Amino acid sequence: MAKKPPTKLLIPLYSLLIITFTLCLIPSQIHSSTFEGDILSLREIKHAIDPNSIPPSSYINSWDFRVDPCEGTGSQFLGILCDLPLDNSSSRVTAIDLDGIGYEGFLTSYIGNLTELTVLNLNNNKFRGPIPETIGKLRKLTRLTISENFFTGFIPQGITQLKKLQYLDLSSNRLSGTIPNDMSGLRSLTYLSISNNNFSGRIQNLTGLWQLNTLDISFNQFYGNLPNLPMSLRNLHFSHNILSGHITPLKDLIHLKWIDISDNKFSGVIRRDVLSLKNVVHLNVSFNRFATLDVVDYSGQGQQLKLLEAQGNHLKGRLPVNLVSFTNLTILNLSNNEFHGIIPKEYGMKLRTTWRRLYLDHNFLMGNLPLEFSHIATNVRGSVANNCLKCPTNVVMCHGGQRPATECVGQHNV
């Protein structure tokens, strides 16, 4: 009689198959791995950096591709943020925020494949070469900062396609050319800095940047008149360019708090309607070609001005007494101009109360000092040297001496 095959093990094997099949039908609760294209892009970014510029403690050194970028531990892939999808789709890299540790190399064109990026920060490194045109593919970017590097070439036209961009900082590089004509189409921008580069040309109408709070184009070679500017501006940095003409357009920017147009070729009058902007705290018009400072009495008008720098111009006439009507003013610099006449006694009273810095040196002021200049507080700084004053040598602000008499002849008639 033939033996029946044993059936004792068939039930467990069958049950195991059922269990395995059932588990396959249950949705996975584990996040899927990083999108393969993002991994490739991160590899290329690291590959484009000189390995000799990657210290052991740096973020880039933690990019270990033996693990998944979006699923590694806290000590891996530093400077990377990912989204974490709830479905079975792949994780995507949403932010690259590198440490400013001096990485040397290039920004690869593969950066354009990270299409879910919202933040890209490469500040304070030594990246060189052009900004890749593929950066225009990062349509979800809200923040792009690559300052303090060695990037060269023009601003890529693709940047004008980043319509969600709110913060753009290209400062302190070696970029050149002009501001792209379509830059004013970035309607979401609140901060724009291209300072400390080699940009040149005229500045086009920027009123389309209607949400812009800060505009910094200082330390470039822009020329021509002031452009039309957004009404929303609060901080205006135009210093160290070759801009010229009058500054009348500033009078309409009623939200301005900080104005620095120093070291240009502006001329004419520092108008009262610019000085009367109620929110301005800092006004620097130094090293231009202004001839007149037009100041009226602002008592009771609520001006916030704390600092007025107007040195190195061609300002003539007598010192404007109405400057004492700025109740918040603490720093006043009118040095290196052509003022003549006496120093108003009201200036002396302000030194005893609210003024903390007063520079009137290198003018043609004459006569006696107000008595208060001899009894200023130790926290007050300033100078009245190189004028035509009768200045006691024991007064600190007189140190440096006065002009020779031959330079002072006739100045009272100016």
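Every condition in (1) among the polar types (S, T, N, Q); (2) under 22 Å from Glu148 (Cα atoms); (3) modelled with pLDDT under 95 holds for Thr248 except the one numbered (2). The residues of segment 71-93 that are assigned to a loop (DSSP other than H, G, I, E, B) and either aromatic (Phe, Trp, Tyr) or more than 32 Å from the chain's Cα centre (by Cα) (or both), listed by number, are Glu71, Gly72, Thr73, Phe77, Leu84, Pro85, Leu86, Asp87, Asn88, Ser89, Ser90. Would you say Asn61 is over 24 Å from Gly158 (Cβ atoms), out of contact with any strand residue (DSSP E or B) (no Cβ under 7 Å at 6 or more places or on another chain) and not in a loop (DSSP other than H, G, I, E, B)? Criteria met by Asn61.
Please tell me if Asp252 is of a type outside the set (Phe, Trp, Tyr), without any contact (Cβ under 8 Å) to a residue 24 or more places away in the chain and either within 30 Å of Ile217 (Cβ to Cβ) or surrounded by fewer than 17 Cβ atoms within 10 Å (Cβ to Cβ) (or both). When the stated conditions are applied, Asp252 passes them. The test for being closer than 29 Å to Val280 by Cβ and in a strand (DSSP E or B) holds for Phe339.
For segment 202-230, the tally of residues that are under 21 Å from Tyr167 (Cα atoms), without any contact (Cβ under 8 Å) to a residue 40 or more places away in the chain and outside any loop (DSSP other than H, G, I, E, B) stands at 2. Would you be able to say whether some residue in segment 81-101 is on the phi > 0 side of the Ramachandran plot, of a type outside the set (D, E, K, R) and in contact with a helix residue (DSSP H, G or I) (Cβ under 7 Å, 6 or more places away or on another chain)? Among the residues of segment 81-101, not one is on the phi > 0 side of the Ramachandran plot, of a type outside the set (D, E, K, R) and in contact with a helix residue (DSSP H, G or I) (Cβ under 7 Å, 6 or more places away or on another chain), which makes the answer no. Residues of segment 296-318 that are modelled with pLDDT under 90 and either among the polar types (S, T, N, Q) or assigned to a strand (DSSP E or B) (or both): Ser299, Gln301, Gln303.
Among the residues of segment 295-307, which ones are at negative phi and more than 30 Å from the chain's Cα centre (by Cα)? The answer is Val295, Val296, Asp297, Tyr298, Ser299, Gln301. Once segment 192-239 is narrowed to residues that are under 21 Å from Val285 (Cβ atoms) and among the aromatic types (Phe, Trp, Tyr), the residue that is farthest from the chain's Cα centre (by Cα) is Tyr223. Got at least one residue in segment 282-300 being among the polar types (S, T, N, Q) and within 25 Å of Gly367 (Cβ to Cβ)? Looking for residues that are among the polar types (S, T, N, Q) and within 25 Å of Gly367 (Cβ to Cβ), one finds at least one in segment 282-300, hence yes.
Within segment 42-58, which residues are outside any helix (DSSP H, G or I) and either out of contact with any Phe, Trp or Tyr (no Cβ under 6 Å at 6 or more places or on another chain) or farther than 24 Å from Cys82 by Cβ (or both)? Within segment 42-58, Asp50, Ile54, Pro55, Pro56, Ser57, Ser58 qualify.
The rows are residues; the columns are (1) under 19 Å from the mean Cα position of the chain (by Cα); (2) assigned to a loop (DSSP other than H, G, I, E, B).
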{"position": "Gly102", "(1), (2)": "no, yes"}
{"position": "Gly112", "(1), (2)": "no, no"}
{"position": "Asn123", "(1), (2)": "yes, yes"}
{"position": "Leu165", "(1), (2)": "yes, yes"}
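Note on segment 167-189: residues that are touching a residue at least 40 places away in the same chain (Cβ under 8 Å) and within 13 Å of the chain's Cα centre (by Cα) total 2. Summed over segment 288-302, residues that are surrounded by fewer than 20 Cβ atoms within 10 Å (Cβ to Cβ) and more than 19 Å from Val321 (Cα to Cα) total 1. One residue alone among Arg128, Arg139, Arg143, Arg66 is surrounded by 16 or more Cβ atoms within 10 Å (Cβ to Cβ) and not hydrophobic (A, V, I, L, M, F, W, C), and that residue is Arg143. Quick one: would you say Pro69 is of a type outside the set (Lys, Arg) and over 21 Å from Ile39 (Cα atoms)? So Pro69 does not fit the description; no. In this entry, Asp297 is excluded by the filter for residues that are touching a helix residue (DSSP H, G or I) at 6+ places or on another chain (Cβ under 7 Å) and farther than 27 Å from Lys345 by Cβ. Pairs linking a residue in segment 304-316 that is closer than 17 Å to Lys265 by Cα to a residue that is basic (Lys, Arg) and in a strand (DSSP E or B), with Cβ atoms under 9 Å and 6 or more positions apart or on different chains, are Asn313/Arg289; His314/Arg289. Selection over segment 287-303 of residues that are more than 15 Å from Glu338 (Cα to Cα), among the small types (Gly, Ala, Ser) and touching a residue at least 24 places away in the same chain (Cβ under 8 Å) gives a count of 2. Listed by first and then second residue, the pairs linking a residue in segment 142-161 that is on the phi > 0 side of the Ramachandran plot to a residue that is surrounded by fewer than 19 Cβ atoms within 10 Å (Cβ to Cβ), with Cβ atoms under 8 Å apart and 6 or more places separating them unless they lie on different chains, are Glu148/Gly100; Glu148/Asn123; Glu148/Asn124; Gly153/Gly129; Gly153/Pro130; Gly153/Ser176; Gly153/Gly177.
The values are calculated or read from the model by the stated rules, or taken from the named source; none is laboratory data. Just so you know, these numbers come straight off a predicted model, no measurement behind them. Heads up, the Cβs are rebuilt from the backbone with ideal geometry, glycines too, and the neighbour counts pull from every protein chain shown.
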